[in-house]
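To start, the structure under review is shown below, and the notes come after it.
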Amino acid sequence: MRNLNLRVWLCASLFFLKIGLWAQLQESKIEGAEGFEVKQVYSVPGDTQGSWVALTVDEKGRLIAGDQNGGLFRVTLEDGEVSTVERLDLEIGFVNGLCFAYGNLYAVVAEDQFQGGGLYRILDVDSDDVFDKVEFLRSFVAKGEHGPHSVIPGPEGKWLYVIAGNKTPLPEGPGFKSLVPTHWGEDDLLPRIWGPIGSEKGTTAPGGWIARTDPEGESWELMAIGFRNAFDIAFNQTGDLFTTDADAEFDVNTAWYQPTRLLQVVTGTDYGWRSGSGKWPPYFADTVPPVYEYGPGSPTGITFGYGTAFPEKYQNALFASDWSWGRVFVSWLEPKGASYTAVTEEFLTGVPLPIADIIVNPVDGALYFVLGGRGTTSDLYRVTYVGGSAEKAESTATVDSSELQKELRMLEGLIRSASDEAVPIAWPYLSSNDRAIRQAARLLLEHAPVEAWKDQALEETQPVARMTALLGLARAGSPDLLPDILTAMLELDGAVFSKEETLLYLRCLEVAFIRMDSGDTSAVDSEKLYVRRYLESLFPSDDVQLNAELVKLLVYLKSEKATSVAVRLLEEAVTQEDKLRFIMPLRVQTKGWNRSLRERFFATLGKAHSWTGGKSLSKYFVTIVEDAFATVAKKDKERFRKVITDSQPKSVSVDTGIRQFVKLWSLEDLLPLTVENLEDRDISNGRQAFTAAGCFACHRVNGEGGGIGPDLSASMRRFSIHDFLEAVIEPSKVISDQYGISVIRKTDGTQIHGNVVNYYGDSIGIQSNSLNAADILRIPRKDIVSLEPSPISPMPSGLLSTLTREDILDLLAYLRHENHSTETDD
């Protein structure tokens with residue numbers, strides 16, 4: 001099983017789902033975890049009951065389902081089978097979220113229908129088991145799939161929690177207050193490129209949000225912002241809130257693309273979604289990092305296993321569904337500081353399986369999920385454990401929290417209570433080694449009047465506390481504080497910082513310049529000069545993330561020295577994602593150029609014509625080239641346009657250097673190996689070998705590399721040397737149903753090899769080149785005869801064939817070294 005899990009993990013480098021055909025073509029083929037039975041209990045007639053996207057359970061264990069473009073239905077179950085399905089006679093529909101709580105049914109209407117989009121309460125006034133009254137509680141109208149989504153009851157027994165996508169207005173009105181400091185902004189240090197495709201162009205903060213309200217819908221509190229299109233939320237047994245969010249598939253293979261993420265929702269936090277290249281990377285100090293990254297996908301319903309009659313291990317797990325990949329993940333959360341990390345496995349996957357929602361029915365102890373959305377055929381499934389004795393727990397025992405987690409909840413409580421004593425209580429936590437705790441402490445400062453704490457921030461002697469407080473001051477303070485903030489930051493010149501602390505330092509400077517620098521440089525000329533000189537002394541570093549932030553700041557500060565260094569780093573970067581980290585700031589750099597540097601930069605833009613990615617990539621490059629030419633003298637533009645043209649590859653290829661074939665390696669050739677064999681190796685050569693084998697094209701290691709495959713930063717901690725090598729050398733030995741490619745046979749006798757990546761009404765989208773997310777072929781359903789799994793893994797074999805044995809050992813040592821670095825940094 002260990003080897004199988006590793007192959008599944010590595011095969012994700014060619015990442016889009018293998019879903020298959022619609023139910024009209026074939027029955028869903030579902031594979032679940034060992035010991036579980038997945039059973040279809042109802043097929044929804046589309047002509048009369050539509051396509052279901054929302055589920056909840058009432059107090060009698062009956063399911064209530066919502067049609068995405070229609071009404072509500074109540075499903076009665078007997079012994080795990082559907083006995084009746086009745087349409088509820090109510091003036092409400094088009095729901096994306098449902099929950100039965102506090103004796104009533106709550107619904108989130110996602111379109112401008114009935115009384116409008118927003119939150120509704122549905123009551124049984126005379127207690128005759130018939131809903132007979134609909135109340136409109138709060139309006140937040142937003143049409144489309146990025147509108148309002150789910151609603152769930154809170155663990156405290158007095159709140160409802162609502163989540164909405166980035167096209168949804170805030171639920172403002174009587175009784176509304178924000179637990180997020182309301183001075184949010186786009187926070188672009190350099191001009192961004194807006195997302196050129198879809199409805200997100202021009203969408204600004206706050207983006208998607210989570211809010212809570214009382215059962216009457218009168219009091220509203222904004223809990224968190226900065227999501228793209230998070231669909232569902234769930235609480236664990238200690239009261240911590242979680243959601244999953246995904247980035248735009250159009251941005252795949254850009255430096256700012258972020259995989260589907262599991263997030264712990266820390267009260268008051270901005271999670272940094274911004275349109276286009278303006279997204280905040282997870283290392284920014286004014287947000288919190290994800291608990292886990294699933295990879296590309298389209299997350300929908302999530303739930304914990306509390307109330308199931310599953311083995312205890314699964315009762316305490318988080319189940320997260322993915323509409324586009326047709327799968328459900330199961331994650332076990334483990335405390336990591338004040339937050340969590342997650343051990344994640346695939347729980348079930350199917351062909352086809354566009355899962356819209358997933359819930360636990362505590363009455364029968366089963367897990368239910370529904371397929372639907374975008375007009376797809378809906379089916380209702382029931383998941384039970386049949387592998388032996390497992391009893392539904394009467395109550396879930398409380399898991400011990402770490403002291404840091406208790407501290408974080410205390411600070412979150414202060415944010416919610418708006419305590420007058422918040423500043424002195426928060427101050428000691430500004431120097432915490434834990435990012436989530438520093439985040440909550442800083443947010444408490446930002447809620448308080450600036451005059452109450454600005455002097456203490458400027459005079460703080462502990463470096464991390466000073467930087468954290470000054471970050472808050474940069475966000476909440478007035479522009480006249482910029483000279484004081486820069487002076488206070490410069491006093492830290494020479495301090496020995498970790499990578500995380502250096503990123504905090506750089507982010508504090510960025511936000512100060514973004515929010516406080518009016519462009520009248522006379523007031524801060526000397527401070528800017530000193531800041532620039534200090535940053536020039538740090539550039540380049542040996543870390544790609546640090547270099548990305550340093551070059552942005554140095555371009556902003558008009559550093560001439562930075563240009564030649566950045567061009568060299570651009571040329572040395574091994575992936576297009578990392579090259580974009582330097583292209584983006586260099587495109588607006590006006591200082592430090594000479595003819596040679598210009599030619600080298602524009603030659604790289606020419607070579608970029610061979611890059612592959614999402615549909616937005618080519619459009620981003622149109623703007624990049626336009627911006628770059630805006631910094632060039634008119635007389636030179638024609639010359640550099642020719643450089644671009646002459647540098648364009650004649651054919652699209654991946655340049656990993658010319659290397660001679662060495663050997664088609666087998667496991668027997670390389671084993672046995674022990675950790676001791678990897679001591680005192682050439683780490684630099686190992687990185688070069690990793691590059692030559694093409695690994696960086698799909699995988700990240702400590703922030704460097706491609707984003708379409710899973711992060712390999714923890715690979716040598718999670719798997720043995722034997723398991724790792726076997727999965728690389730023999731990728732087709734066992735192929736995961738989740739990641740294998742498909743053979744699609746058409747009615748004209750032709751075949752197409754690829755992956756199903758989306759649904760388009762009467763056709764499906766097939767991607768035949770997983771490295772080019774924009775290359776999608778639409779095939780009408782009527783032209784498809786069958787879809788079968790390919791016996792060949794999408795992960796290529798022979799990746800090590802141009803490496804010597806010493807190269808391979810160095811490669812393993814490189815990964816082990818980087819894994820150890822990640823562990824130390826944490």
Original post:
Which numbered condition trips up residue 549, out of (1) charged (D, E, K, R); (2) assigned to a loop (DSSP other than H, G, I, E, B); (3) at pLDDT 95 or above?
Top reply: (2)
Subject >> Candidates 510, 459, 527, filtered to the one that is more than 33 Å from the chain's Cα centre (by Cα) and open to solvent by less than 60 Å² (accessible area, probe 1.4 Å) >> reply: 527
Original post:
Looking only at segment 600-621, which residues are under 16 Å from residue 638 (Cα atoms) and surrounded by 18 or more Cβ atoms within 10 Å (Cβ to Cβ)?
Top reply: 601, 602, 605, 606
**OP:** Can you confirm whether segment 481-488 contains a residue that is small (Gly, Ala, Ser), surrounded by fewer than 17 Cβ atoms within 10 Å (Cβ to Cβ) and more than 22 Å from residue 287 (Cα to Cα)?
**Re:** no
**OP:** Counting only residues that are closer than 21 Å to residue 213 by Cα, of a type in the set (S, T, N, Q) and open to solvent by 20 Å² or more (accessible area, probe 1.4 Å), give me the strands (runs of 3 or more DSSP E) lying completely in segment 41-116 with at least 1 of them.
**Re:** 104-109
**OP:** Determine the pairs where a residue that is at positive phi, located within segment 239-262, has a partner that is open to solvent by 10 Å² or more (accessible area, probe 1.4 Å) with Cβ atoms under 6 Å apart, the partner being 6 or more residues away or on another chain.
**Re:** 239/155
**OP:** Just one of (1) at pLDDT 95 or above; (2) under 19 Å from residue 232 (Cα atoms); (3) open to solvent by less than 20 Å² (accessible area, probe 1.4 Å); (4) of a type outside the set (Lys, Arg) trips up residue 326, so point out which.
**Re:** (1)
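Within segment 197-225, can you find the residues that are closer than 22 Å to residue 614 by Cβ, within 20 Å of the chain's Cα centre (by Cα) and in a loop (DSSP other than H, G, I, E, B)?
Filtering segment 197-225 for residues closer than 22 Å to residue 614 by Cβ gives 197-204, 207-208.
From what's left, within 20 Å of the chain's Cα centre (by Cα): 197-201, 203-204, 207-208.
Scanning segment 197-225 gives 197, 198, 199, 200, 201, 203, 204, 207.
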Original post:
Looking only at segment 125-138, which residues are surrounded by 15 or more Cβ atoms within 10 Å (Cβ to Cβ) and either out of contact with any strand residue (DSSP E or B) (no Cβ under 7 Å at 6 or more places or on another chain) or assigned to a loop (DSSP other than H, G, I, E, B) (or both)?
Top reply: 131
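Which is part of a helix (DSSP H, G or I), farther than 27 Å from residue 424 by Cβ and open to solvent by 60 Å² or more (accessible area, probe 1.4 Å), of 537, 518?
Working: 518 fails: part of a helix (DSSP H, G or I).
Answer to the selection: 537.
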Subject >> Matching residues, segment 664-690, being loosely packed, with under 14 Cβ neighbours inside 10 Å and either under 12 Å from residue 804 (Cα atoms) or acidic (Asp, Glu) (or both) >> reply: 664, 668, 669, 676, 679, 680
Original post:
With respect to residue 352, is the statement that it is over 30 Å from residue 436 (Cβ atoms) and open to solvent by 10 Å² or more (accessible area, probe 1.4 Å) true?
Top reply: no
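Applying the selection to segment 299-320, what residues are of a type in the set (Ser, Thr, Tyr) and farther than 25 Å from residue 388 by Cα?
Hit for segment 299-320 is 300, nothing else.
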**OP:** Could you grab the pairs with beta carbons closer than 7 Å, sequence gap of 6+ or different chains, first residue in segment 181-199 and at positive phi, second one modelled with pLDDT of 95 or more?
**Re:** 187/511; 187/514
Original post:
Of the residues that make up segment 491-505, is at least one among the small types (Gly, Ala, Ser), modelled with pLDDT under 95, out of contact with any helix residue (DSSP H, G or I) (no Cβ under 8 Å at 6 or more places or on another chain) and open to solvent by 30 Å² or more (accessible area, probe 1.4 Å)?
Top reply: yes
Subject >> Members of segment 557-570 found to be in a helix (DSSP H, G or I) and either open to solvent by 60 Å² or more (accessible area, probe 1.4 Å) or of a type in the set (D, E, K, R) (or both), listed by number >> reply: 561, 568
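Go through segment 402-426 and report how many residues are over 31 Å from the mean Cα position of the chain (by Cα) and within 20 Å of residue 474 (Cβ to Cβ).
Here is the first cut: in segment 402-426, the residues over 31 Å from the mean Cα position of the chain (by Cα) are 419-425.
Now restrict to residues that are within 20 Å of residue 474 (Cβ to Cβ): 422-423.
Within segment 402-426, residues that are over 31 Å from the mean Cα position of the chain (by Cα) and within 20 Å of residue 474 (Cβ to Cβ) number 2.
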Subject >> Of all residues in segment 300-323 being among the hydrophobic types (A, V, I, L, M, F, W, C), over 17 Å from residue 238 (Cβ atoms) and crowded, with 23+ Cβ neighbours inside 10 Å, the one that is farthest from the chain's Cα centre (by Cα) >> reply: 310
**OP:** Could you check residue 230 against (1) of a type outside the set (Phe, Trp, Tyr); (2) assigned to a loop (DSSP other than H, G, I, E, B); (3) open to solvent by 10 Å² or more (accessible area, probe 1.4 Å) and say which number it fails?
**Re:** (3)
Original post:
Considering 35, 50, which residue is modelled with pLDDT of 50 or more and within 25 Å of residue 374 (Cβ to Cβ)?
Top reply: 50
Original post:
Of all the residues that make up segment 147-189, how many are assigned to a loop (DSSP other than H, G, I, E, B) and among the aliphatic types (A, V, I, L, M)?
Top reply: 4
Original post:
Out of all the residues in segment 141-176, which are in contact with an Asp or Glu (Cβ under 6 Å, 6 or more places away or on another chain) and not small (Gly, Ala, Ser)?
Top reply: 141, 143
Original post:
Which number in (1) assigned to a strand (DSSP E or B); (2) surrounded by fewer than 22 Cβ atoms within 10 Å (Cβ to Cβ) marks the one condition that residue 377 misses?
Top reply: (1)
Original post:
Restricting the search to segment 793-826, which residues are open to solvent by 40 Å² or more (accessible area, probe 1.4 Å), modelled with pLDDT under 70 and touching a Lys or Arg at 6+ places or on another chain (Cβ under 9 Å)?
Top reply: 820, 823, 825, 826
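Residue-by-condition table, conditions (1) more than 21 Å from the chain's Cα centre (by Cα); (2) under 30 Å from residue 628 (Cβ atoms):
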| residue | (1), (2) |
| --- | --- |
| 124 | yes, no |
| 135 | yes, no |
| 189 | yes, yes |
| 195 | no, yes |
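The values are calculated or read from the model by the stated rules, or taken from the named source; none is laboratory data. These numbers were taken from a predicted model, which means no experiment stands behind them. Quick reminder, even Gly has a Cβ in these numbers, built from the backbone with ideal geometry, and neighbours come from all protein chains shown. To get the accessible areas, we keep the full protein, side chains included, count just its heavy atoms, and leave off ligands, DNA and RNA. Shrake-Rupley method; radii C 1.70, N 1.55, O 1.52, S 1.80 Å.
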